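Colleague: Pasting a structure here, questions to come.
The values are calculated or read from the model by the stated rules, or taken from the named source; none is laboratory data. What you see is a predicted model; the values in this text were computed from it and never measured. So basically every Cβ, Gly included, is an ideal-geometry build from the backbone, and we count neighbours across all protein chains shown. Accessible surface areas use protein heavy atoms only, side chains included; no ligands, DNA or RNA. Shrake-Rupley method; radii C 1.70, N 1.55, O 1.52, S 1.80 Å.
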Amino acid sequence: MSSSQGIDTPSIAGKFDKSLRRFLPRSLWGRSMLIVLVPLLVTQSIVLALFYGTYLHTVSRRLSGGVTGEIMLVTSSIAVPMADPARANYLAEAQRTTQLQFRYLPNERLAKHGTNHIFGPIDDVFARTLQQRLGRPFLVEWFPKRHIVDVRIQLPGGVLGVYVPSKRLSIGPIWVFVVWVSSTSVLLFVIAGIFMRNQVRAVRRLAHAAELFGLGRDAGAIRPQGAREVRQAAVAFNRMRERVNRFVAQRTSVLAGVSHDLRTPLARLRLSLAMLPSKGMVKAEDIQADVSDMVQDLVDMERLIESYLSFARGEGAEKPVPTDINRLLNEVATATERSGGRVVEVVGCEEQEVLLRPDAMWRAVSNLADNARRHGGSSVRFEARMTQRWVEITVEDAGPGLDSEKLEEARQRLASGSRLGNGLGLTIVRDVVQAHGGFMRLDKSKLGGLSVTLSLPR
């Protein structure tokens with residue numbers, strides 16, 4: 001029995017939730033306005049309930065008690081037998097004093113008792129007060145248009161009639177308070193709707209820009225508007241757009257560079273093949289130099305293709321792990337010496353553990369060392385430094401370096417995201433560093449050549 005109840009309860013809840021969704025608005029603006037409307041209605045309902053249940057009821061009871069006391073005073077005075085002139089004089093004096101209109105109807109009987117009901121608790125409170133304090137049969141008739149209340153009280157010798165002004169029993173028209181509460185609620189709801197529409201407009205603009213960008217139609221950066229969270233989302237979208245455009249530009253530049261770089265070894269291969277003898281006997285010793293050149297051209301082409309594949313694969317799949325930065329530099333230095341380079345110095349840092357992608361960073365530093373070995377006179381220097389916010393890895397060479405004009409041009413290409421150099425080495429390095437959230441800096445080396453510094457966040 002318990003298992004069947006456990007199965008049926010989620011299904012009933014799911015059906016109720018599904019039925020409720022049909023009546024809920026689907027747009028963000030509609031749901032936001034519903035969030036505003038429901039508490040507003042609940043608050044106003046509580047206000048009305050408190051007003052009717054406490055304030056209005058208390059004031060009505062006090063007003064009814066005052067009028068009833070004056071009627072009781074007159075009733076008790078004329079209930080005893082007295083002459084008609086004396087009764088008339090007494091009622092006239094009581095009318096002047098209480099501002100109530102009294103009349104005496106001798107030898108009459110009340111045909112009915114009670115009260116005719118009007119909107120609000122005033123009539124019930126007045127009738128209940130008369131019943132509790134008067135102790136006599138009575139009839140109360142309300143005439144809202146004439147603004148009077150006709151009270152008739154059964155006496156032993158006749159009926160005492162009293163005209164009570166409505167203002168003596170009520171604090172004012174109830175509809176004024178209801179209209180005031182309703183109008184303020186509508187005004188607040190309209191103001192909230194205007195503000196929410198402005199916020200939703202910013203979200204719609206962001207969604208439209210993202211949709212266009214996803215379709216390949218870049219509409220440009222969007223202006224952050226709306227609340228702080230919406231502005232942050234717009235700023236994040238603009239940054240993402242810049243990164244994606246820079247990524248596409250880098251890949252396009254690399255493709256163009258690879259096709260350009262492959263033309264040179266292909267042209268040399270074509271020329272070497274054209275220069276080979278096509279007739280007669282050919283000795284291997286005679287063409288050994290040409291074959292070596294063609295093999296070297298193939299090696300260069302293979303290196304270019306491998307560099308492009310490494311660049312195209314990216315480093316996003318590798319997860320950052322704590323890595324010994326000094327050990328990484330020593331491994332790269334050892335590989336550089338095996339490749340024919342001369343490592344001048346390896347300067348480590350005190351704090352060795354750094355959170356980074358070890359394979360990607362090894363490839364980046366190796367590319368810098370390879371460029372320094374091939375273009376920097378075979379002398380390479382490695383250094384790692386720790387600052388409060390950054391980990392800096394510097395690779396220097398003792399080559400000719402770059403003059404001031406070419407160095408400034410290289411810095412501009414680095415800042416703009418263009419391709420660096422003729423090969424893919426520096427471009428791969430920049431891609432790896434940016435994937436770590438860092439940046440690359442070019443300077444003149446103390447050894448006389450070029451100095452490349454990789455700054456990575458700690």
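Colleague: Of all the accessible heavy-atom surface of region 361-408, with the other protein chains kept in place and a 1.4 Å probe, what percent is carbon and sulfur?
Modeller: 45
Colleague: With each pseudo-label sitting 7 Å past Cα toward Cβ, what's the Met281-Gln232 distance in nm, one decimal?
Modeller: Distance between the two pseudo-spin positions: 8.5 nm.
Colleague: Taking θ = phi - 60°, what integer Hz values does the Karplus form 6.51 cos²θ - 1.76 cosθ + 1.60 yield along region 163-169, in sequence order, with x for Gly and Pro?
Modeller: Couplings: 9, 9, x, 4, 5, 6, 10 Hz.
Colleague: Next question, about the same structure. Can you give the net charge of the other residues whose Cβ lies under 15 Å from the Cβ of Glu211, counting K and R as +1 and D and E as -1?
Modeller: My count for the surroundings of Glu211 gives +3.
Colleague: Give the residue list of GluC sites (Glu not before Pro) in region 26-128 that are DSSP loop and have at most 13 other beta-carbon atoms within 10 angstrom.
Modeller: none
Colleague: So with the 1.4 Å probe, I'd like the accessible area per residue for region 88-217, rounded to whole Å².
Modeller: Averaged over the residues of region 88-217, the accessible area is 62 Å².
Colleague: Mind checking which aspartates and glutamates have their C-alpha under 19 Å from Lys283, skipping anything on the same chain fewer than 8 residues away?
Modeller: Within the straight-line limit of under 19 Å, Lys283 reaches these aspartates and glutamates: Asp293.
Colleague: Where does each of 266-279, 132-145 land if you order them by average Cβ count within 10 Å, highest first?
Modeller: The packing order, highest mean first, is 132-145, 266-279.
Colleague: Same structure, new question: Once amide H atoms are built 1.01 Å from N in the peptide plane, which residues 5 or more positions from Ser379, or in another chain, come under 5 Å H to H?
Modeller: Residues meeting the amide H criterion: Arg342, Ala398.
Colleague: Per-residue HN-Hα couplings for region 132-148, Karplus 6.51 cos²θ - 1.76 cosθ + 1.60 at θ = phi - 60°, whole Hz, x for Gly and Pro?
Modeller: 6, 9, 7, x, 10, x, 8, 9, 10, 10, 9, 10, x, 5, 8, 6, 9
Colleague: Give me the one-decimal nm value for the distance between modelled label points at Ser182 and Glu392, 7 Å along each residue's Cα-to-Cβ direction.
Modeller: 7.4
Colleague: I need the phi-derived Karplus couplings for region 70-76: 6.51 cos²θ - 1.76 cosθ + 1.60, θ = phi - 60°, integer Hz, Gly and Pro marked x.
Modeller: Computed from phi, the couplings for region 70-76 are 5, 5, 4, 4, 5, 5, 5 Hz.
Colleague: Can you give the net charge of the other residues whose Cβ lies under 13 Å from the Cβ of Val162, counting K and R as +1 and D and E as -1?
Modeller: Neighbour charge sum, excluding Val162 itself: +1.
Colleague: Work out, step by step, the length gained on full extension between Arg374 and Ser76: first 0.36 nm times the residue separation, then minus their alpha carbon distance; give nm to one decimal.
Modeller: Gain on extension, Arg374 to Ser76, equals 94.8 nm.
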